[in-house]
Structure formats: C-alpha cells, structure tokens
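*Asks:* The structure's right below; bear with me while I get my questions together.
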Amino acid sequence: MTSLERLPAPDSKVAAKIFPSPNHGERVDNNGGPRLPDMLVLHYTGMPDAGEALQWLCNPISQVSAHYFVFENGHVLQLVPEARRAWHAGRSSWDGETDINSASIGIEIANPGHPGGMPPYPEPQIAAVVALCRDIVARWRIPGPRVLAHSDIAPDRKCDPGENFPWERLHAAGVGHWVRPAAVGGGRFLSPGDRGQPVEALQAMFALYGYGLPITGLYDNSTEAVVRAFQRHCRQERVDGIADASTLTTLRDLIASRPVAVA
Ligand SMILES: [Zn+2]
C-alpha cells in the first residue's frame, strides 16, 4: 500500500501535492502504544540543489525523510503522511524525550546551508514555511516552545536551519516561542573550560527549557554546542558558544515568558 492510496490529498492545504517517500514507520510512545505529534522540527536540506535533496529524501537507500519539503520558490510537497513517523530527527532529545521522530512533524526547507555559504532564505519560501507551520501548529495544537530547530534537539550534530532562519518572523505569525534578544555587550560570561556552580546553574537552565544537556558543572563540548544551538535560534547576532550576559539574559527571559502548558 502506498502513501498515495492511504492519503489521496495532502494533510495540509498549504502543500500543493503528495510526492511520497517510503522512509517512514509507526509513531510509538514509550510503552509501544500509538503517539500523536506534538512537536514541529525545522530543517534545511544542506545540499546545493533542491531537486537532488528531494530525491534523496525519497530514496529508500537514504533512510531519511520529512513530512514536508519547501522549495525556494515556496512550492510545498508532502512526502510522508502526518500520522506516520518520518525519519528526520536522528539521534536527538528534547524535554526528556528521545524518540523525536515519533513526537514530531518535520519540515525540510531547501537551502544549501552552512556548507553552501548560508544563502538567505528567499521571501516566497519563508512565506510558505510560515503558512505551513501555522496550519500544522493549529491543527495539532503544538505549543510554541515545541516548535524547534534540528540544532535544538541535536546540538552536538546539527546546525540547521541555521542562524539565518527568521524565528522572529515565525513568532510574529503566532508560531514558536521567541523573545527579543538582550543586546550583545560586556558583563560576566562563561566559556568553554569553565567549571563550578555557575556552569551548573547554566546547564540547569538549558535543561529546564528542554535541551538534552547533563548537569556536570563543566563547560564541556556538549555545553558549548547547546549554547551555539540556543544562539542560532534566539540570539542570532553572535553565534560563538560563549554564554555571555546577552545569552544568559535572553535565556532567562525566554524561560520566564514560557506559556503555561494547557492540558
Ligand atoms: Zn536537519
């Protein structure tokens, strides 16, 4: 049975049509029961050519996919039904959960990414991503703080969709969680190699927000990766892995403004 037979029309009206990928399975919860998506994860393809990226996501050899694919011109395809578990997150973690593929809907945005010099996302593409996210978040009631970058859930391995991605614009459209970043300036900061209680406190704040970061009291590679991931999403002006005053204040403001969960 193909996706086309099961799903004659795209789940989202923003998608023009279905272009099926075979790379998906059943969504499962921790007990092996059924799981509904309550997260949205954004990616860039990181390949020079959108068509090649699309073919890769639909090739059974690749073992990767996403629910949606957004071209530079704003054209949107659905590759995997939303009810199914697409293979986009890989080894990842958020808010104590590690099977992010079962928990999430994934969107691949065609962009060459860091390897291709990080070209800006064209306007029609951003408009399409915003419309698609709005639709998905509304239908699945996905809370703002659970709209995330691939880099947020896999900071050690991934940096997509990158510090060019307009999270502020998405937030202005009612999608995701974002606060205006505190100005970059002087003040106390923590950096790689530091250790002790202040580093513990920093790690605890990131873990409280959802990042998969052990609280060790040592500003190690994992801590630096999480700081970079946070900066890519929330303090894009400077992505350097150093927890400066602006980074700390922005993180604190973000936690303080987190919407109360609705049961
Ligand atoms: Zn990705």
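The values are calculated or read from the model by the stated rules, or taken from the named source; none is laboratory data. Everything numeric here is computed off the predicted structure, so don't read it as measured data. Quick reminder, even Gly has a Cβ in these numbers, built from the backbone with ideal geometry, and neighbours come from all protein chains shown. The accessibility values were calculated without ligands, DNA or RNA, using every heavy atom of the protein model including side chains. Shrake-Rupley method; radii C 1.70, N 1.55, O 1.52, S 1.80 Å.
*Asks:* Considering the stretch 15-59 alone, what residues qualify as being charged (D, E, K, R), over 18 Å from the mean Cα position of the chain (by Cα) and more than 19 Å from Ala131 (Cβ to Cβ)? Steps first, answer last, please.
*Replies:* Taking the stretch 15-59 as the starting set, the residues that turn out to be charged (D, E, K, R) are 17, 26-27, 29, 35, 38, 49, 52.
Applying the additional criterion that residues be over 18 Å from the mean Cα position of the chain (by Cα) yields 17, 26-27, 29, 35, 49, 52.
Those that are charged (D, E, K, R), over 18 Å from the mean Cα position of the chain (by Cα) and more than 19 Å from Ala131 (Cβ to Cβ): Glu26, Arg27, Asp29, Arg35, Asp49, Glu52.
*Asks:* Another one. Using beta carbons and a limit of 7 Å, which pairs, at least six apart or on different chains, have the first residue in the stretch 127-140 and touching a residue at least 40 places away in the same chain (Cβ under 8 Å) and the second one aromatic (Phe, Trp, Tyr) and open to solvent by less than 70 Å² (accessible area, probe 1.4 Å)?
*Replies:* If the second residue must be aromatic (Phe, Trp, Tyr) and open to solvent by less than 70 Å² (accessible area, probe 1.4 Å), the pairs left are Leu132/Tyr68.
*Asks:* Val227: within 16 Å of the ligand (Cβ to nearest atom) and either surrounded by 17 or more Cβ atoms within 10 Å (Cβ to Cβ) or part of a helix (DSSP H, G or I) (or both), yes or no? Explain how you work it out, then say what you get.
*Replies:* Values: within 16 Å of the ligand (Cβ to nearest atom): no; either surrounded by 17 or more Cβ atoms within 10 Å (Cβ to Cβ) or part of a helix (DSSP H, G or I) (or both): yes.
Taking the combined requirement at face value, the residue does not satisfy it.
*Asks:* When the residues of the stretch 155-166 are filtered to those that are more than 8 Å from the ligand (Cβ to nearest atom) and open to solvent by less than 10 Å² (accessible area, probe 1.4 Å), which remaining residue is nearest to Met47 (Cα to Cα)? Even if it seems obvious, please write down each step before you answer.
*Replies:* From the stretch 155-166, those more than 8 Å from the ligand (Cβ to nearest atom) are 155-157, 159, 162-166; that's our starting set.
Now restrict to residues that are open to solvent by less than 10 Å² (accessible area, probe 1.4 Å): 162, 165.
Values: Gly162: 14, Phe165: 16 Å.
Across the stretch 155-166, the extreme among qualifying residues is Gly162.
*Asks:* OK, next. Please note which helices (runs of 4 or more DSSP H) are completely contained in the stretch 95-190 and include at least 1 residues that are under 16 Å from Gly74 (Cβ atoms).
*Replies:* Numbers: elements: 100-103, 123-140, 150-153, 167-172.
It comes to 123-140, 167-172.
*Asks:* Condition first: at pLDDT below 95 and open to solvent by less than 30 Å² (accessible area, probe 1.4 Å). Now tell me which residues in the stretch 29-45 satisfy that.
*Replies:* The answer is Gly33, and nothing else.
*Asks:* Run down Val70, Val14, Val28, Val41 and say which single residue is among the aliphatic types (A, V, I, L, M), in contact with an Asp or Glu (Cβ under 9 Å, 6 or more places away or on another chain) and over 27 Å from Glu123 (Cα atoms).
*Replies:* On the way: Val70 fails: over 27 Å from Glu123 (Cα atoms); Val14 fails: over 27 Å from Glu123 (Cα atoms); Val41 fails: over 27 Å from Glu123 (Cα atoms).
From the options Val70, Val14, Val28, Val41, the qualifying one is Val28.
*Asks:* Here are Glu82, Glu26: which of them is away from the ligand (no atom under 14 Å from the Cβ), open to solvent by less than 20 Å² (accessible area, probe 1.4 Å), at pLDDT 95 or above and of a type in the set (D, E, K, R)?
*Replies:* Testing whether each residue is away from the ligand (no atom under 14 Å from the Cβ), open to solvent by less than 20 Å² (accessible area, probe 1.4 Å), at pLDDT 95 or above and of a type in the set (D, E, K, R) leaves just Glu82.
*Asks:* Now, a different point. Show the residue pairs that are 6+ apart or on different chains and have beta-carbon atoms under 9 Å apart, the first residue being within the stretch 78-91 and under 14 Å from Ile107 (Cβ atoms), the second being in a loop (DSSP other than H, G, I, E, B) and of a type in the set (Phe, Trp, Tyr).
*Replies:* Gln78/Phe19; Leu79/Phe19; Val80/Trp87
*Asks:* Return yes when Val76 is out of contact with any Asp or Glu (no Cβ under 8 Å at 6 or more places or on another chain), at pLDDT 95 or above, farther than 15 Å from Ala103 by Cα and within 11 Å of the ligand (Cβ to nearest atom) and no when it is not.
*Replies:* Values: out of contact with any Asp or Glu (no Cβ under 8 Å at 6 or more places or on another chain): yes; at pLDDT 95 or above: yes; farther than 15 Å from Ala103 by Cα: yes; within 11 Å of the ligand (Cβ to nearest atom): no.
No, not satisfied.
*Asks:* List pairs: first residue in the stretch 156-171 and of a type in the set (A, V, I, L, M), second residue more than 14 Å from the ligand (Cβ to nearest atom) and not in a loop (DSSP other than H, G, I, E, B) anywhere in the structure, Cβ distance under 7 angstrom, at least six positions apart or on different chains.
*Replies:* Between residues of the stretch 156-171 that are of a type in the set (A, V, I, L, M) and residues that are more than 14 Å from the ligand (Cβ to nearest atom) and not in a loop (DSSP other than H, G, I, E, B), the close pairs are Leu170/Val130; Leu170/Cys133.
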